[in-house]
There are 2 protein chains.
Amino acid sequence: MIGYDVGMLTKSGQPRGHSGPGHSVTNPDGSQGQDDDSEGRPAAGEARPGSAPRDRKRRVSMADVAKLAGVSSQTVSRVSNGSPDVIEVTRQQVISAMNELGYRPNSAARALKRGSFRTIGVILFSLSSIGNVRTLEAIALHAATKDFAITLIPVTAPTQAEVQGAFSRMGELAVDGVIAIMEIHLLDAATVSVPPGVKVVVVDSNAGETYSVVDTDQADGAHKAVEHLLELGHQTVWHVAGPEESFASGRRQQAWRETLLAHGKEVPPVVRGDWSAESGYEAGLWLAGQEGCTAVFTANDHMALGVLRAFREKGKAVPEDISLVGFDDVPEASSYSPPLTTVHQDFAQVGHRCVDDVLRQIRSNSTEPGMTLVPTNLVVRQSTAAPRDIDVSA
Amino acid sequence: MIGYDVGMLTKSGQPRGHSGPGHSVTNPDGSQGQDDDSEGRPAAGEARPGSAPRDRKRRVSMADVAKLAGVSSQTVSRVSNGSPDVIEVTRQQVISAMNELGYRPNSAARALKRGSFRTIGVILFSLSSIGNVRTLEAIALHAATKDFAITLIPVTAPTQAEVQGAFSRMGELAVDGVIAIMEIHLLDAATVSVPPGVKVVVVDSNAGETYSVVDTDQADGAHKAVEHLLELGHQTVWHVAGPEESFASGRRQQAWRETLLAHGKEVPPVVRGDWSAESGYEAGLWLAGQEGCTAVFTANDHMALGVLRAFREKGKAVPEDISLVGFDDVPEASSYSPPLTTVHQDFAQVGHRCVDDVLRQIRSNSTEPGMTLVPTNLVVRQSTAAPRDIDVSA
DNA sequence: GTAATAAGTGTTTACGTAAACATGATTGGG
DNA sequence: CCCAATCATGTTTACGTAAACACTTATTAC
């Protein structure tokens, strides 16, 4: 995966000439080109004798293509939309006219006529969490395969007002459906009104009864993490939770607690962080001083990183003195010291399902909610082991 | 920043007992086959034979509002666009009619008429790098303040064909300008043709003479990193570079080399990684075995994380045995062990400038390229120190 | 051979908005 | 008091596309 490139600074910049002339449709500064049309177009906006180099050359429309190809604009439309009712010869004429003029369908007009934009809006508060980013990426990629575009609707602050604002802008935005990625519980149907007919899917929230929800199976993941530690022989498992406002955090914490109780274990006090590595560090400092703490489950990997640092500074070895499990499986988790045992979230899957669900709603023109939980799996690395004083080998 | 929620486990996990009854759960391996569907192209629409409770209530249009308010639709348009030429009484009538009917402007029609969508397209290959993500976030936020929306145009593979495809889709996409975030040098003007009139800004590439470019001042950052290590008294600085295709990597490497040469230092062989922590780990294993290696500059923080792990495993202490500097200043860098000295990139600034530049081009209707370099600054933490055998205190 | 289809293409129209132009009402200067 | 200027509003039109329908031919059915 890595190579040694001794001293090689040869300005390797240029990726093979690839000059291939072939088909230079457009000169970026293209003063001219654009052939056709020298025969005076009725609109004649060109006049502008004075300075003003407005090269506001009207875009090529179907009518232009139709004229060149010697057909009606409706036929051009049919070709453009792949209608089977066009004879091959005509189709070729139209296509070559399209190429000659560099025709591109105008999506505004198309959307106006069709009443659909083939676009999905994604509302998100922040891209600072790995999960949001990966989910967004998956959404974008999957939507692209369905020929849908993605419009981003950032929300600057996680307040009711902001979210409400984002939703009400929906109505006027060029969007057929909406995916809201919110890790905060702001989506009470009571307080946020969505324009009628807008299809919504929510990631990670409590809006389950009003809108479709897609999410990682948080409880399942936390359960697996805790079970793993208990099976190794730990008496109980401590927990570094995420911020209180986060639903994901809440669900992980709840599952952690329930799993402990189900095994008849004591439930230690919760340490609460804010997802950041820094807060994990502080939590770790405190945990390192707790008697009998041999196993810790942190609600995400970044906090686990902070915990690791704190433990190292306090002379606690991982996993010899304390075992640690994270959540997320960020790409770097395998390079922590030691490599982190963690719960892998399949964000790609989450994004995929989101798109499928909005498209389902758009197709069926209904807003009937569904719920999808994407399973997790535990990735065991080297940050967990049996506790010192217990022998489970027997 | 973190609070101790001691013992407070009493149901605190479950914010508002929202355990949600009812509500069908769709199994991930979804029996609901509706996946790969026939959605591809809208060849034949709907067909919907029987019932079809299409509540296709035509959307409220200006005409409806006009009728209710007893004015012409043009007056509604004026109110909608904040024209000053409407008398207050009339304006209020229109506004209340709007509210009553729940009118929202139709952006398709608006765009068709205006020839502008107030939308910026962002082409990106991947969201896996921190920089891209943070830049995108900044772009989205800043564009929002300018009342522009963001459309995502993901490119699945960093090939010429893909990028070309993305650009030619531009023409038909509802986009007034484009920001391309590409860390790969694929944007030769010769091979990629942009539809005429499309305003382009490129982040991190070599397209400087054709398109506007905005980027972090990579050379400056690398220079600062190397200078810092040399000032501490190290004889030279080793380098873990990013992948060869990356321009950012190339510039950092080049600046590293030039700085060493400027100080008359020897230039050690380059170790090449691929940005991942894993590749950093491998690089670190190799570096740990090199005689005289006391200072390392890695081209990003994640690789530095891997290097740290390798050094720890090889018994090399940081910074006592080897000093280490990263690049990016990811949020967790301060929680590495030890906290990492690194070059901070101001991605927010980069995104901000991108938007400003596209908007400039859109406003002036020119595509005249500009170039903006955003300065970096070195964040000194605890991974760097003077080498063992040198005394710089004098 | 004629009627009934079907296939391929053209014509008309509507989508919702806003620019350009037109109208009617008010004002003010001489 | 009239003409011009200004203001507030109405009317017409065009933006580019695609649905609905109309119109030719060719093909098939009898």
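Step by step: first the residues of segment B:363-383, then only those that are over 24 Å from B:Leu308 (Cα atoms) and under 18 Å from the mean Cα position of the chain (by Cα), then the one that is surrounded by the fewest Cβ atoms within 10 Å (Cβ to Cβ). Which residue is that?
Among those that are over 24 Å from B:Leu308 (Cα atoms) and under 18 Å from the mean Cα position of the chain (by Cα), it is B:Pro375.
Being surrounded by fewer than 24 Cβ atoms within 10 Å (Cβ to Cβ), within 12 Å of chain B (Cβ to nearest Cβ) and not polar (S, T, N, Q) is the requirement here; does A:Glu320 meet it?
Spelling it out, it is not the case that A:Glu320 is surrounded by fewer than 24 Cβ atoms within 10 Å (Cβ to Cβ), within 12 Å of chain B (Cβ to nearest Cβ) and not polar (S, T, N, Q).
Can you tell me which residue within segment A:79-92, out of those that are part of a helix (DSSP H, G or I) and either more than 8 Å from DNA strand D (Cβ to nearest atom) or at positive phi (or both), is surrounded by the most Cβ atoms within 10 Å (Cβ to Cβ)?
A:Val79
Does any residue of segment B:355-362 turn out to be open to solvent by 10 Å² or more (accessible area, probe 1.4 Å), modelled with pLDDT under 95 and within 14 Å of another protein chain (Cβ to nearest Cβ)?
Looking through segment B:355-362, at least one residue is open to solvent by 10 Å² or more (accessible area, probe 1.4 Å), modelled with pLDDT under 95 and within 14 Å of another protein chain (Cβ to nearest Cβ).
May I ask you to list the residues in segment A:251-281 that are buried (at least 20 other Cβ atoms within 10 Å of the Cβ) and at positive phi?
Selection gives A:Trp275 alone.
Using the structure shown, decide if B:Ser96 is in contact with a helix residue (DSSP H, G or I) (Cβ under 9 Å, 6 or more places away or on another chain), over 20 Å from A:Arg118 (Cβ atoms), more than 7 Å from chain A (Cβ to nearest Cβ) and more than 16 Å from DNA strand C (Cβ to nearest atom).
Yes.
Restricting the search to segment B:207-250, which residues are within 10 Å of chain A (Cβ to nearest Cβ), surrounded by fewer than 24 Cβ atoms within 10 Å (Cβ to Cβ) and not polar (S, T, N, Q)?
Listed by number, the residues that qualify are B:Pro243, B:Glu244, B:Glu245, B:Phe247, B:Gly250.
Scanning for something out of contact with any Pro (no Cβ under 7 Å at 6 or more places or on another chain) and farther than 29 Å from B:Glu231 by Cα, does segment B:340-348 turn up at least one residue?
Yes: segment B:340-348 contains one or more residues that are out of contact with any Pro (no Cβ under 7 Å at 6 or more places or on another chain) and farther than 29 Å from B:Glu231 by Cα.
Can you work out which of the residues in segment A:176-187 that are open to solvent by less than 10 Å² (accessible area, probe 1.4 Å) and among the aliphatic types (A, V, I, L, M) is modelled with the lowest pLDDT?
Of everything passing the filter in segment A:176-187, A:Leu187 is modelled with the lowest pLDDT.
Go through segment B:109-157 and count every residue that is open to solvent by 30 Å² or more (accessible area, probe 1.4 Å), within 7 Å of chain A (Cβ to nearest Cβ) and not in a loop (DSSP other than H, G, I, E, B).
Final tally of qualifying residues: 5.
Sort out which residues of segment B:98-122 are more than 30 Å from B:Thr156 (Cβ to Cβ) and among the hydroxyl-bearing types (Ser, Thr, Tyr), and write them in order of number.
Answer for segment B:98-122, where residues must be more than 30 Å from B:Thr156 (Cβ to Cβ) and among the hydroxyl-bearing types (Ser, Thr, Tyr): just B:Tyr103.
Just checking, does segment B:158-175 include any residue being within 16 Å of DNA strand D (Cβ to nearest atom), of a type in the set (D, E, K, R), touching a Ser or Thr at 6+ places or on another chain (Cβ under 9 Å) and open to solvent by 30 Å² or more (accessible area, probe 1.4 Å)? Spell out the reasoning first.
Taking segment B:158-175 as the starting set, the residues that turn out to be within 16 Å of DNA strand D (Cβ to nearest atom) are B:168-175.
Next, only the ones that are of a type in the set (D, E, K, R) stay: B:169, B:172.
Subsequent filtering for residues that are touching a Ser or Thr at 6+ places or on another chain (Cβ under 9 Å) retains B:172.
Keeping just the survivors that are open to solvent by 30 Å² or more (accessible area, probe 1.4 Å) gives B:172.
Within segment B:158-175, one or more residues are within 16 Å of DNA strand D (Cβ to nearest atom), of a type in the set (D, E, K, R), touching a Ser or Thr at 6+ places or on another chain (Cβ under 9 Å) and open to solvent by 30 Å² or more (accessible area, probe 1.4 Å).
Consider segment A:72-89. How many of its residues are more than 14 Å from chain B (Cβ to nearest Cβ), over 16 Å from A:Pro105 (Cβ atoms) and near DNA strand C (Cβ under 7 Å from one of its atoms)?
Qualifying residue count, segment A:72-89: 3.
The values are calculated or read from the model by the stated rules, or taken from the named source; none is laboratory data. This is a predicted model, so every value here is computed, not measured. Neighbour counts are summed over all protein chains in view; Cβ atoms, including those assigned to glycine, are modelled from backbone coordinates with ideal geometry. Accessible surface areas use protein heavy atoms only, side chains included; no ligands, DNA or RNA. Shrake-Rupley method; radii C 1.70, N 1.55, O 1.52, S 1.80 Å.
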